[in-house]
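For reference, the structure is listed below as structure tokens.
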Amino acid sequence: MKKQDQILSAVFLLIMSAAGIYWAVANTSWTLAGTTAAAACFGIFVWLGVRTIPVLTAYIAGADPADKLPEGHAAGTRERTWLTIILWMLGTRALLFLIAYGLMVIHNGSAGSLLATVRETWHLTGIDTQSYLGIAEHGYVTEGDSRFHIVFLPLFPKLIQFVQLFTGDYLSAGFAVSNLCAIAAALVAYELALLDMTRKDALRVVKYIFIFPSAFFFVIPMTESLFLVLSLMSIYFVRRHKWLLACLCAALAGYTRSPGILLAVPIAVEMARVLAVSYRQTTRREWTRKAAIAVACLAVAPLGLLAYLYVNYAVTGNPFQFSIYQREHWFQRMYLFWDTARYQTDYVVKAFREGDSRSLLGLWLPNVLMIVSTLLLICRSARKLHPSYTAYFIVYFAYVVGPTWLLSAPRYFAVAFPLAFAAVLVTKDRAKDAALTVIYLIGGLLYLALFVWGYPIY
């Protein structure tokens, strides 16, 4: 390990140690299961950070390879592949609807027509869909329960509002936006993967994104599909050195969901790499000009989140009103992610002992499994995964797992695109690929069944 890597690793370990000591002093719950889970989560994360630092610094400082054309761009090949992806996405969307309908029939013994029971089948009244549809139809308000809609960011309902002009109703518009964005995300994921992988592996990246156990959320009128396509576009553009487009997409992602601001991290990594190479190959004047452009473009990335703060101010008079509602109405604030592993595990034990199968299977067990499995998957592939993707996952993991009342870990990780790339890297042989595919499909079917049957899945 180089001296600079040793220094960075020492700083990282010092910061994590200080945070760990603070948590140990502040923690008042010391159950065996919870403490073990917290220690394991903390340890794996530290291991991931230490493994990532030398890879990341080497990438930033390395020679800049010429951009290669994605494999299979012979005449007509790209069009045929895109058509295959589109048809596969349309087929899987239709299959998900049919499976969900069949699960509803199994649960209820009978059901009405497929179209008439869409709202009941997908339990759209029990998740955030109704909030987004309400914003699209009525905007943000300051009275009644609808005042809490300010915690939901504006871009997705704005798109629903626009598409409704063509569909005639907001629910259909919501389904249209989500599924069109999902198809677009599949195409962008394929093109992004082609920058580093063969055509076959790029298609497997698309597969792993959309067979992820909670991938059915890409069908529903929720922000997942929109956030995913904007995230992928941001990374694709920055890797092709189109910095302004990358930062604009990051800004739009930040106007869709708050973690969009975290895209500034991989963008900054890619920019730093280009600037490091440029520093060795160009004049100081040219490098200064390029660095100024990079800083100016990077400043665009937070604008989406800043625009959302302005919406809060315009509606309520307080740019941070959303955080007040999250704290007072949902008991939500940010804390240390390994403490989330602790209390989630304690909830698993409590629900099991009390025979509360609904909370156990719908909430706590999926959350714990997702926290542990995703962290281990990225650790397993950290030395091979594109360094900026690993950096993004690290900050994304700490951010989305950190809330003190985490309910939706499987849904949050569905849009963490580095997981699909990691899955491809650890399943190079056909047996491993088949095994992980089966695990994902079975997990997805079970999770969808629980969702359709009304378990508390958010």
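The values are calculated or read from the model by the stated rules, or taken from the named source; none is laboratory data. No experiment lies behind these values; they were computed from the predicted model shown. Note: ideal-geometry Cβ built from the backbone for every residue, glycine included; neighbour counts use all protein chains shown. Only protein heavy atoms, including side chains, enter the accessible area calculation; ligands, DNA and RNA are left aside. Shrake-Rupley method; radii C 1.70, N 1.55, O 1.52, S 1.80 Å.
Of all residues in the range 428-458, how many are of a type in the set (Asp, Glu) and either free of Cβ contacts under 8 Å to residues at least 24 places away in the same chain or in a loop (DSSP other than H, G, I, E, B) (or both)? Give the steps one after another, and end with the answer.
Step one: of the range 428-458, the residues of a type in the set (Asp, Glu) are 429, 433.
Restricting the remaining residues to those that are either free of Cβ contacts under 8 Å to residues at least 24 places away in the same chain or in a loop (DSSP other than H, G, I, E, B) (or both) gives 429.
Total satisfying the criteria: 1.
Mind counting the residues in the range 233-260 that are open to solvent by 30 Å² or more (accessible area, probe 1.4 Å), assigned to a helix (DSSP H, G or I) and over 26 Å from ILE183 (Cβ atoms)?
From the range 233-260, those open to solvent by 30 Å² or more (accessible area, probe 1.4 Å) are 233, 236-237, 239-242, 244-245, 248, 252, 255, 258; that's our starting set.
Within this subset, residues satisfying the condition of being assigned to a helix (DSSP H, G or I) are 233, 236-237, 239, 244-245, 248, 252, 258.
With over 26 Å from ILE183 (Cβ atoms) added as a condition, the list becomes none.
Residues meeting the conditions: 0.
Checking ILE293 against (1) among the β-branched types (Val, Ile, Thr); (2) open to solvent by 60 Å² or more (accessible area, probe 1.4 Å); (3) in contact with a Phe, Trp or Tyr (Cβ under 6 Å, 6 or more places away or on another chain): exactly one of these is not met. Which one?
(3)
Just give me the residues in the range 174-197 being of a type in the set (Asp, Glu) and open to solvent by less than 20 Å² (accessible area, probe 1.4 Å), in sequence order.
Residues of the range 174-197 that are of a type in the set (Asp, Glu), as a first pass: 191, 196.
Correct list: GLU191 only.
Given the condition more than 30 Å from ASN108 (Cα to Cα) and free of Cβ contacts under 8 Å to residues at least 60 places away in the same chain, answer yes or no: does some residue in the range 396-411 qualify?
No, the range 396-411 contains no residue that is more than 30 Å from ASN108 (Cα to Cα) and free of Cβ contacts under 8 Å to residues at least 60 places away in the same chain.
Which one of the conditions (1) assigned to a loop (DSSP other than H, G, I, E, B); (2) modelled with pLDDT of 95 or more; (3) open to solvent by 50 Å² or more (accessible area, probe 1.4 Å) does ALA301 fail to meet, given that it meets all the rest?
(3)
In the set ALA416, ALA398, ALA423, ALA409, which member is open to solvent by 10 Å² or more (accessible area, probe 1.4 Å) and either among the small types (Gly, Ala, Ser) or in contact with a strand residue (DSSP E or B) (Cβ under 7 Å, 6 or more places away or on another chain) (or both)? Before you say what the answer is, go through the steps one by one.
Numbers: ALA416 fails: open to solvent by 10 Å² or more (accessible area, probe 1.4 Å); ALA423 fails: open to solvent by 10 Å² or more (accessible area, probe 1.4 Å); ALA409 fails: open to solvent by 10 Å² or more (accessible area, probe 1.4 Å).
One residue alone meets the criteria, ALA398.
Open to solvent by 40 Å² or more (accessible area, probe 1.4 Å), over 24 Å from the mean Cα position of the chain (by Cα) and either on the phi > 0 side of the Ramachandran plot or at pLDDT 95 or above (or both), is that true of ILE7?
It is false that ILE7 is open to solvent by 40 Å² or more (accessible area, probe 1.4 Å), over 24 Å from the mean Cα position of the chain (by Cα) and either on the phi > 0 side of the Ramachandran plot or at pLDDT 95 or above (or both).
List the pairs whose first member sits in the range 6-21 and is assigned to a helix (DSSP H, G or I), whose second member is open to solvent by less than 40 Å² (accessible area, probe 1.4 Å) and among the aliphatic types (A, V, I, L, M), and whose Cβ atoms are under 6 Å apart, counting only residues at least 6 apart or on separate chains?
Between residues of the range 6-21 that are assigned to a helix (DSSP H, G or I) and residues that are open to solvent by less than 40 Å² (accessible area, probe 1.4 Å) and among the aliphatic types (A, V, I, L, M), the close pairs are LEU8/ILE53; SER9/ILE53; MET16/VAL46.
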